[in-house]
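Here the structure comes first, spelled out in structure tokens, and everything after it is commentary.
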Amino acid sequence: MLRRNLLLSFAAVTALAACQREPGTAEAPPPADAGASRAITDPSTVVRGFYDPYLVPNGQIPPLAEAAPWSAQMAADLDAMFARSQAQGEPILDFDPIIDAQDYQLSEVRAATEGLVEGSHATVRASFTNAGQHEEVLYDLVWQDDRWKVDNVRTSEWDLRTIIRG
């Protein structure tokens, strides 16, 4: 009887643990075909990677167009903004939206998924310290081409899509 109760208790705990998921994690939508490679499916992992170049001393920071996997619409909007900026001979965007600043000395970088509709869209909050100041940047992501892509970047002070569409 004692053995049976122990086995039942163990099975119940195992089943409960299997049902719980760590916060900030997500499962991938099913691949389009059985041979499709699995992309990084946790949107916070994608966003966290944007900050890696800023953490390397004398790191090579990529141009904004290459800093993130942009959605098709956001890539087109960025290209149009760069063309307008070049035609005007002055920058339309005069700061780095990834770090919400021009200069950087980053530490304590974190990214957490705040909203997720699997296979559709997600919101990720990046938080970090830049030169002693706490900063937060929100990313709106969409699922395109079997991976998460950035569709907007924003803070309480600005919205990248609004800035680049001018």
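Quick note: the coordinates plus some simple rules give every number you see, no bench work behind them. Values in this document were obtained by computation on a predicted structure and should not be read as measured data. For neighbour counting, all protein chains shown are included, and Cβ atoms are generated from backbone atoms with ideal geometry for every residue, glycine included.
Some points to look at:
- Shape of region 101-166, Cα gyration tensor, a/c cut at 1.5: oblate
- Label-to-label distance, residue 73 versus residue 129, with points set 7 angstrom from Cα along the beta-carbon direction: 3.8 nm.
- Cα shape, region 50-110, gyration tensor, a/c 1.5 rule: prolate
- With R₀ fixed at 25 Å, the C-beta to C-beta distance from residue 83 to residue 110 puts the FRET efficiency at about 0.10.
- Packing rank of 54-62, 113-121, 41-49, 152-160, where each peptide gets the mean count of other beta carbons within 10 Å, highest leading: 41-49, 152-160, 113-121, 54-62
- Normalised by residue count, region 37-166 yields a Cα convex hull volume of 116 Å³ per residue.
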